[in-house]
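Okay, structure first, notes after.
The values are calculated or read from the model by the stated rules, or taken from the named source; none is laboratory data. Just so it is clear, the structure is predicted and the values come from calculations on it, not from any experiment. All Cβ positions, even for glycine, are placed from backbone atoms using ideal geometry, and neighbour counts span all protein chains on display. Surface accessibility is based on the protein's heavy atoms, side chains included, excluding ligands, DNA and RNA. Shrake-Rupley method; radii C 1.70, N 1.55, O 1.52, S 1.80 Å.
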There are 2 protein chains.
Amino acid sequence: MITGKNYIGNQLSSEGDITFKTFNPELNVSIQNNFSQATAEEIENAVAKATEAFDVYKHFSGAKKAIFLRAIADEIEALDEKLINVYCSETGLPAGRAAGERGRTVFQLRSFADLVEEGSWVEASIDSGIPDRTPAPKPDLRKMNIPLGPVVVFGASNFPLAYSTAGGDTAAALAAGCPVIVKSHPMHAGTGELIASAIIKAAEKTGMPNGVFSNINAKDYDAGQQLVSHPKVKAVGFTGSIKGGRALLDIAAKREEPIPVFAEMGSINPVVVLPKALQNRGNEIANTYAGSITLGTGQFCTNPGLILGIAGEELSSFIDELGSKIKEINPSCMLHPNIHGAYEKGKQQAINQNKVTIVANLDGEIQTNYASQGVATVSGKTFLENSTLHHEVFGPFSIVVACENLKELEEIVTGLEGQLTGTIISDDDEISNYSELVAKMQNRVGRLIFNGVPTGVEVCPSMVHGGPYPASTDSRFTAVGVNSIKRWVRPFSFQNWPNSLLPDELKDENPLHITRLVNGELNKS
Amino acid sequence: MITGKNYIGNQLSSEGDITFKTFNPELNVSIQNNFSQATAEEIENAVAKATEAFDVYKHFSGAKKAIFLRAIADEIEALDEKLINVYCSETGLPAGRAAGERGRTVFQLRSFADLVEEGSWVEASIDSGIPDRTPAPKPDLRKMNIPLGPVVVFGASNFPLAYSTAGGDTAAALAAGCPVIVKSHPMHAGTGELIASAIIKAAEKTGMPNGVFSNINAKDYDAGQQLVSHPKVKAVGFTGSIKGGRALLDIAAKREEPIPVFAEMGSINPVVVLPKALQNRGNEIANTYAGSITLGTGQFCTNPGLILGIAGEELSSFIDELGSKIKEINPSCMLHPNIHGAYEKGKQQAINQNKVTIVANLDGEIQTNYASQGVATVSGKTFLENSTLHHEVFGPFSIVVACENLKELEEIVTGLEGQLTGTIISDDDEISNYSELVAKMQNRVGRLIFNGVPTGVEVCPSMVHGGPYPASTDSRFTAVGVNSIKRWVRPFSFQNWPNSLLPDELKDENPLHITRLVNGELNKS
């Protein structure tokens, strides 16, 4: 079933000599299949096919694209247990998580199908002409969003389904009218191929042009570099490390024609625990956060890596409780030995810093590739002085910072790099005394959470999954929710264009019955 | 009245030793005033003030910002003839143009005032929580657009009012809630200071925080470089040359925290004249285009620099007519000797290329700094082979390309760099036979015009002034119309946030009565 080949458009292809294998971290063994790394020629071919496909696909109606997106969801579901098994073997994640992520993935695909079928997402806008206006006639202008062109999507190590081959970036781009070339994540190339086969099957069944989707296998960086620097590629989506995302951003910025790169690169997701909350329910919060820190073995970009409080007895007892609760949680498997290695190294680097106190660091017999979860604590002063402690440790590790006072806590928040989320844990109305802190936090994050945990990213129109750099490379967009389609489209105007030749979205008679801004009024007429 | 000083926030300031003068191209003399180039310290101070102002200004209601924007418009109008006189002396442009551009500038300011007063531009979106959803509760999520932070705006040489100090970039940023630091264009620093004084007066009268606006004089590149690379600057707006815009983009891309640069860098605005139109009204089209090419001495980014047709008798007679009509037009003054010099050099370079035929190139007695308008013609083959001919010649010059056939014409269109506009001149329904051509043109431009001229950019919500690179650095935004505000804002989510602490835009009771997306339904309730 898994061939190890690339999809160059609808065609399975393996022209190259370089192969690689995926790895089962739970069993600590390589998996049988050999994946064929795409050659430069295969990649060139995929881009050429995508460029050709764009000329056809960009004209397809929302209804037609919706049929395609729903067919992808159906084909993914039809993969059934096979998908779950391959997913689990390539990630060490449990079947429940696999099923949940699959549910999220097909939900996203169907949400985008609904969006483009309904059609108002193009933000159609009409300003009627006034031919007899003086001193000059007012032209008739009509605007709508149109797709950018072929989009390259990089699969994420930690979300083989929802942020990879048929994940949010791909679903949004296909919905927008952009062909997609996926650079499959080499850690779960088998899962990627299964999903790619579902997309190709759906494309063939629903009459999509060959090249609307390709899937590229590569363990080396060259493939990504070739794709991002290719003149016919018009945008890039990425989820992963700051180092990886920035490298792609830099390649794109150096092109003769720079292109948009939306890279979501994770963060440490600061959590502020306010004094009264700490006093009244410190233990409960500690318990909740022990769960949030270790959820998915801490392998979420919204994992809470930094907890801030005002030093004192309550914070000390919260720290103790968090340490003891986190020790009670069974360790779990990480995605790959490399990720496990990087985690242990990062954690060790953090706790080896001067004046860092280890609160919990699981030891004893831990299975290979399983993470030893940990918590450390430092003073606000130490944290401010040592930027090593600001770095994300990807995995189940968190630092609790005991600040001398609110001023120091605010200083820490102000000095943070951009973050996906910020959380305030507050007792009832306590937060209303901290408007300055909230404002400072808002400057640094894309989403503010009240009395909750940052893990768990709801897929809905009001979600922002993004934030100031380096949480993302462009805070003006979100990676989650239907608004993520805006990353892959541009506004386009027609001036005095004949009504019969306008796209349906802009015709006088509004044949698609979409919501439009007509001479300043939003309506469906 | 004109002091030659910088505005560092509300304060006139001239700490540096370097000064420069503006120039009257009509009289070919320097103008009296000495403008003080801002020092690195003054620039640092302007950014610090903007950063402080942001913390206050970002919380101001739409109603309050509207009062400020309208006050700016009023203060600009109060400058009256003084502004017109300084404008004309610094640009060589006629008073009618100055008054027209002033009208456009205040219209833009008032349009943004209306936009933020009405309030729906924040695209508020609410997804209500479902606490008892299984397997996990659905959180309450609410999203709206918030300002990015301090924005640096570079004044444009060719639009001292509408694209400079209080132009579209500034108006949009102030409307969004972003303080603005203008790097005034050194060719019209006096006009810039007058407008800056109007903005400062308006800011003081309406209680805006000191630092919400600064105006920086500089003839050297260092000031711009310092501003764009400053960590506290969060976005950049620019209108000007490809070289200048790209330099700023590159500086921004190399920052530790890359920031958005929206640079609108002009284009050659291809015009296709279809055969029947040429046959039936070639002379009329020639006459219209002689006017469009020379409008404003060709100093518009929408100036038609490239006219494409199918070779034949009709095209030849169109070319002759265009040449003779353009010779009948009186030459006019360019903005500055440097711009005039660059124009003559660029035109000369184009017509000196192999196999280029000069159709018209005004000679004889032409006043100093006045442009000698010109038209040249080449075959499609020559144009395809020689990329020098694809470069913009900023001024009243256009190349007519005689293509061998439609295929060659389409090949030229496909190979063009990104353009602000594309125009099709068609006889009635003739265009319906050219859907392939139209599709190819759409790929390369931001706005398609039917039977008109690209010059004249209507300010309305349906306008797109932007386009694929290098027309702009990010085709996903427009520089003109109220939607240009989207360049300076980012979406922001609140999760489970207490209703009383939410911004008014997101409160349950919708106190601002704005249009919001509430659980999938657009409404004002």
Out of the range B:342-358, which residues are open to solvent by 40 Å² or more (accessible area, probe 1.4 Å) and either of a type in the set (Gly, Ala, Ser) or touching a residue at least 60 places away in the same chain (Cβ under 8 Å) (or both)? B:ALA342
B:GLY16 touching a Cys at 6+ places or on another chain (Cβ under 6 Å) and not polar (S, T, N, Q): no
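Residues that are closer than 25 Å to B:ALA40 by Cα, at least 1 per element: which strands (runs of 3 or more DSSP E) completely within the range B:129-241 meet that?
The qualifying strands (runs of 3 or more DSSP E) are B:151-154, B:180-183, B:213-216, B:235-239.
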Take B:GLU264 and tell me if it is facing another protein chain (nearest Cβ under 10 Å) and touching a residue at least 24 places away in the same chain (Cβ under 8 Å). no
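Yes or no, residue by residue, for (1) in the same structural domain as B:ASN280 (by TED's automatic domain parsing); (2) out of contact with any helix residue (DSSP H, G or I) (no Cβ under 7 Å at 6 or more places or on another chain):
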{"site": "B:ALA402", "(1), (2)": "yes, no"}
{"site": "B:GLU411", "(1), (2)": "yes, no"}
{"site": "B:THR423", "(1), (2)": "yes, yes"}
{"site": "B:MET441", "(1), (2)": "yes, no"}
{"site": "B:GLY481", "(1), (2)": "no, yes"}
{"site": "B:PHE494", "(1), (2)": "no, no"}
{"site": "B:TRP497", "(1), (2)": "no, yes"}
{"site": "B:HIS513", "(1), (2)": "no, yes"}
Could you tell me which residue of the range B:434-452 is surrounded by the most Cβ atoms within 10 Å (Cβ to Cβ), considering only residues that are touching a residue at least 24 places away in the same chain (Cβ under 8 Å) and aliphatic (A, V, I, L, M)? B:VAL445
Which condition does A:LEU148 not pass, out of (1) at pLDDT below 95; (2) under 23 Å from the mean Cα position of the chain (by Cα), if it passes all the others? (1)
Does B:ILE259 satisfy the criteria of being assigned to a loop (DSSP other than H, G, I, E, B), within 14 Å of chain A (Cβ to nearest Cβ), over 16 Å from the mean Cα position of the chain (by Cα) and of a type in the set (A, V, I, L, M, F, W, C)? yes
Which one of these is over 27 Å from the mean Cα position of the chain (by Cα) and either surrounded by fewer than 17 Cβ atoms within 10 Å (Cβ to Cβ) or in the same structural domain as A:SER89 (by TED's automatic domain parsing) (or both): A:ASN283, A:ASN338? A:ASN283
Flagged in the range B:205-257 as surrounded by fewer than 21 Cβ atoms within 10 Å (Cβ to Cβ) and β-branched (Val, Ile, Thr), in numbering order, are B:THR206, B:ILE242, B:ILE251
Those residues of the range A:96-123 which are within 21 Å of B:ASP474 (Cβ to Cβ) and open to solvent by less than 30 Å² (accessible area, probe 1.4 Å), in sequence order: A:VAL122
The residue from A:VAL457, A:VAL445 that alone is among the β-branched types (Val, Ile, Thr) and in the same structural domain as A:SER387 (by TED's automatic domain parsing) is A:VAL445
Can you report the number of residues in the range B:80-95 which are open to solvent by 20 Å² or more (accessible area, probe 1.4 Å), assigned to a helix (DSSP H, G or I) and not β-branched (Val, Ile, Thr)? 7
Pairs needed: first member in the range A:460-487, more than 8 Å from chain B (Cβ to nearest Cβ); second member anywhere, in a helix (DSSP H, G or I) and hydroxyl-bearing (Ser, Thr, Tyr); C-beta distance under 6 Å; at least 6 residues apart or different chains. A:VAL482/A:SER111
Only one of (1) part of a loop (DSSP other than H, G, I, E, B); (2) under 26 Å from the mean Cα position of the chain (by Cα) is not met by B:ILE366, so which one is it? (2)
Which one of these is closer than 26 Å to A:THR302 by Cα and among the basic types (Lys, Arg): A:LYS183, A:LYS232, A:LYS201? A:LYS183
What about B:THR455, is it touching a Phe, Trp or Tyr at 6+ places or on another chain (Cβ under 8 Å), surrounded by 23 or more Cβ atoms within 10 Å (Cβ to Cβ) and either more than 7 Å from chain A (Cβ to nearest Cβ) or within 20 Å of B:PHE238 (Cα to Cα) (or both)? no
If the Cβ limit is 8 Å and pairs must be 6+ apart or interchain, which residue in the range B:134-145 that is free of Cβ contacts under 8 Å to residues at least 40 places away in the same chain pairs with which residue that is of a type in the set (Val, Ile, Thr) and open to solvent by 50 Å² or more (accessible area, probe 1.4 Å)? B:PRO137/B:ILE130; B:LYS138/B:ILE130
If you check B:GLY305 against the conditions, is it open to solvent by 10 Å² or more (accessible area, probe 1.4 Å) and touching a strand residue (DSSP E or B) at 6+ places or on another chain (Cβ under 8 Å)? yes
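Looking at A:ALA202, is it open to solvent by less than 20 Å² (accessible area, probe 1.4 Å), on the phi < 0 side of the Ramachandran plot, more than 14 Å from chain B (Cβ to nearest Cβ) and touching a Leu at 6+ places or on another chain (Cβ under 9 Å)?
yes
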Among A:PHE23, A:PHE60, A:PHE68, the single one that is open to solvent by 20 Å² or more (accessible area, probe 1.4 Å) and closer than 22 Å to A:GLY168 by Cα is A:PHE60
Residue within the range A:32-54 that is assigned to a helix (DSSP H, G or I), among the acidic types (Asp, Glu), farther than 21 Å from A:ASN217 by Cα and within 20 Å of the chain's Cα centre (by Cα) present: no
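Kindly check whether there is at least one residue in the range A:5-12 that is surrounded by fewer than 16 Cβ atoms within 10 Å (Cβ to Cβ) and free of Cβ contacts under 8 Å to residues at least 40 places away in the same chain.
Within the range A:5-12, none of the residues are surrounded by fewer than 16 Cβ atoms within 10 Å (Cβ to Cβ) and free of Cβ contacts under 8 Å to residues at least 40 places away in the same chain.
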Looking only at the range B:458-492, count every residue that is surrounded by 24 or more Cβ atoms within 10 Å (Cβ to Cβ) and of a type in the set (Asp, Glu) and tell me the total. 0
Can you name the residue in the range A:404-459 that is of a type in the set (Gly, Ala, Ser) and farther than 26 Å from A:GLY100 by Cβ and is also nearest to the chain's Cα centre (by Cα) among such residues? A:GLY418
Looking only at strands (runs of 3 or more DSSP E) that fall completely inside the range B:452-525, which ones have 3 or more residues that are of a type outside the set (S, T, N, Q)? B:489-495, B:516-518
